[in-house]
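*Asks:* Could you have a look at this structure, given as structure tokens, before my questions?
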Amino acid sequence: MGRKIPKWLKNRYFIVSVLFIVWITFFDNNDLIRQVGYISRLHELGDRKVYLENQIDSINHQLHSLKSDPKKLEKFAREKYLMKKPNEDVFIIKDASEND
């Protein structure tokens, strides 16, 4: 009637190994579940870094073109900051679908 416990389950090295794997997977401060989350976050941040570097390059290119061409600078100032020349009226027309 008594079942025999297999010999490999009585092995203390097997028991310690299983306990170690369970500890590392679930209970440790640097458990495997957190490590997977950290790796995922690292990839997200890497993608965001690439996006922001592209944005910086675009803005630097725009800045260089504004510094080198006075007509582009005037156009940018008029469109972006609604600047005007003396004795000039500016009318702003917005679309109804535009959400600011």
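The values are calculated or read from the model by the stated rules, or taken from the named source; none is laboratory data. Every value quoted in this text rests on a predicted model; they were computed, and no experiment measured them. Glycine gets a Cβ as well: all are built from the backbone with ideal geometry, and neighbour counts include every protein chain shown.
*Asks:* With the requirement that a residue be surrounded by 10 or more Cβ atoms within 10 Å (Cβ to Cβ) and among the polar types (S, T, N, Q), what does the stretch 1-39 give you?
*Replies:* Asn11, Ser17, Thr25, Gln35, listed by residue number.
*Asks:* Can you run down the residue pairs with Cβ atoms below 6 Å, 6 or more apart or on separate chains, where the first is in the stretch 72-85 and surrounded by 12 or more Cβ atoms within 10 Å (Cβ to Cβ) and the partner is not small (Gly, Ala, Ser)?
*Replies:* Pairs that qualify, where the first residue is surrounded by 12 or more Cβ atoms within 10 Å (Cβ to Cβ) and the partner is not small (Gly, Ala, Ser), are Lys72/Leu66; Leu73/Leu66; Phe76/Leu66; Ala77/Met83.
*Asks:* Would you check which residues across the stretch 33-64 are of a type in the set (Gly, Ala, Ser) and at pLDDT below 95 and list them?
*Replies:* Gly37
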